[in-house]
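Undergrad: Okay, here's the structure, questions in a sec.
Please treat every number below as a calculation from the coordinates, not as lab data. Since this is a predicted model, take the numbers as computed values, not measurements. FYI the Cβ positions are ideal-geometry reconstructions off the backbone, even for glycines, and counts take in every protein chain you see.
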Amino acid sequence: QVQLVESGGGLVQPGGSLRLSCAASGGIFAINTMRWYRQVSGMQRELVANITSGGVTTYAASVKGRFTISRDNVRNRMYLQMNSLRSEDTAVYYCNADILYSPRSGEYNFWGQGTQVTVSS
């Protein structure tokens, strides 16, 4: 059973930093693209950043230059380093990944349960 578990959220002051982690476990053969999304209550989930298995990254305009996505393909983990945090970054942050069970299984998309990030003085 594949699981994605986020950690590292919390309360931070404006201008501060946090590092989110996402750990993937279960019957994983390979992980293709991994993503961080965020969602404010009552609003649509927003793509924050993604990273391919080869390390190619893309970012939402609102976080470019402040957030850095990375991954560890050996440990099946993904990270989001968030610097210069603003109040508008407050949201639940979700890990998302395209995962293969075997070489022939095809991709399946999985979500984590989310971790709350609150930026406030």
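Undergrad: Order these peptides, 50-57, 33-40, by their mean beta-carbon neighbour count within 10 angstrom, highest first. Let's see the in-between values first.
TA: Values: 50-57: 13.5, 33-40: 20.6.
Sorting 50-57, 33-40 by mean packing, highest first, produces 33-40, 50-57.
Undergrad: If you wrap the chain's Cα atoms in a convex hull and average its projection over all directions, what's the area in nm²? Intermediate results must be reported in sequence, preceding the final value.
TA: Working: hull surface 28.9 nm².
Computing the convex hull of the Cα atoms and averaging its projections yields 7.2 nm².
Undergrad: Taking a label point 7 Å from the Cα of N83 along the Cα→Cβ vector, which residues of segment 9-29 have an amide N closer than 14 Å to it?
TA: 15-19
Undergrad: Label R104 and D72 with points 7 Å out from Cα along Cα→Cβ: what is the distance between them in nm?
TA: The modelled label-to-label distance comes out at 3.4 nm.
Undergrad: Using DSSP to define loop residues, name the trypsin sites (Lys or Arg not before Pro) in segment 50-89 whose beta-carbon has at most 14 other beta-carbon atoms within 10 Å. Working shown, then result.
TA: Numbers: sites: K64, R66, R71, R75, R77, R86; in loops: K64, R66, R75, R86.
Those satisfying the criteria are K64, R75, R86.
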